[in-house]
1. Quick one: is residue 161 surrounded by fewer than 19 Cβ atoms within 10 Å (Cβ to Cβ) and farther than 25 Å from residue 182 by Cα?
2. Within the range 36-72, count every residue that is within 13 Å of the chain's Cα centre (by Cα) and of a type in the set (D, E, K, R).
3. When you look at residue 54, is it assigned to a loop (DSSP other than H, G, I, E, B), in the same structural domain as residue 117 (by TED's automatic domain parsing) and not β-branched (Val, Ile, Thr), yes or no?
4. For the range 87-110, what are the residues that are assigned to a helix (DSSP H, G or I) and surrounded by fewer than 24 Cβ atoms within 10 Å (Cβ to Cβ)?
5. Name the residues in the range 133-162 that are modelled with pLDDT of 95 or more and among the acidic types (Asp, Glu), would you?
6. For the subset of the range 59-86 comprising residues that are closer than 17 Å to residue 120 by Cα and part of a strand (DSSP E or B), which member is modelled with the lowest pLDDT?
7. Can you tell me how many residues within the range 104-147 are β-branched (Val, Ile, Thr) and farther than 19 Å from residue 68 by Cα?
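The values are calculated or read from the model by the stated rules, or taken from the named source; none is laboratory data. All values reported here derive from a predicted model rather than from experimental measurement. Methodologically, a virtual Cβ is constructed for each residue, glycine included, from the backbone with ideal geometry; neighbour enumeration extends over all protein chains shown.
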Amino acid sequence: MARTRQALCVAAIIAMLVLAGCGSASNNSSGPKRPTIGFVVPLISNPYWKLIQDFAKGAAGTLNINLLTAQADSDETKEINIVESWISAKVDGMVVGPVSDKVGAKVLSDAEAAKIPVTFMQRSPGITPDAYSGKSYVGFVGTADKDGGKTAAQMLYDSGARKWVAMTGFQGNSVAEDRLAAAVEFAAAHPDVQLLKKQYGNEAREAGQKTMEAFLSALPGPGFDGVYSFNDEG
């Protein structure tokens, strides 16, 4: 259900760009042109982002949008290069799932200079639309990650686990930071919980497996009875 709601949000943020003016220009007197929108996700091997991108393609067809899709392999430089190539191509708008808030800030700066509207999905660029003084930041759609993290921690606690290890996403993106912070805060509020180890960078299955092997090696026995995991592929 959560994935379905998030997928529906994709249509909303694409439509948001259209309403922001992407489709206002005309190629000729016959009517408005078909807008071109760049749509980049941080990591396509994660099934969550694959679902979002696939849904975006369907939404673009419904809204008569030319959608350019890309993925960044969780690489900040690659994502910035993708966005800059779209700006050079004079796209009408962009939808960005930033690898990190550092990327978000760069995207906003470049989009503002080029007067291209941009929306962010799931991961915050480090600033909210209402706090942004420019014109290019159209909106943000994402989940309440701190609340979700608290719910996950409570479920782990209710299962009886008291010695935890935690794996989260790449450092610097809002989802990874907020969900890990929720686990840390929950453990601090429950003296019977020990958060023994935590590790960033687990947004793909292979990385998650290596982290789990490292936990088992460092805490043999195993010396923990609960794993707080960041996302689909962790």
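1. no
2. Final tally of qualifying residues: 1.
3. Here the answer is no, as residue 54 does not meet what is asked.
4. The answer is 87, 88, 101, 102, 105, 106, 108, 109, 110.
5. 158
6. Going through the qualifying residues, I end up with 67.
7. Selection size over the range 104-147: 4.
So that you can scan it fast, the table gives a plain yes or no per residue for (1) of a type outside the set (Lys, Arg); (2) over 25 Å from residue 123 (Cα atoms):
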{"site": "153", "(1), (2)": "yes, no"}
{"site": "158", "(1), (2)": "yes, yes"}
{"site": "171", "(1), (2)": "yes, no"}
{"site": "178", "(1), (2)": "yes, no"}
{"site": "181", "(1), (2)": "yes, no"}
{"site": "187", "(1), (2)": "yes, no"}
{"site": "198", "(1), (2)": "no, no"}
{"site": "213", "(1), (2)": "yes, yes"}
{"site": "226", "(1), (2)": "yes, yes"}
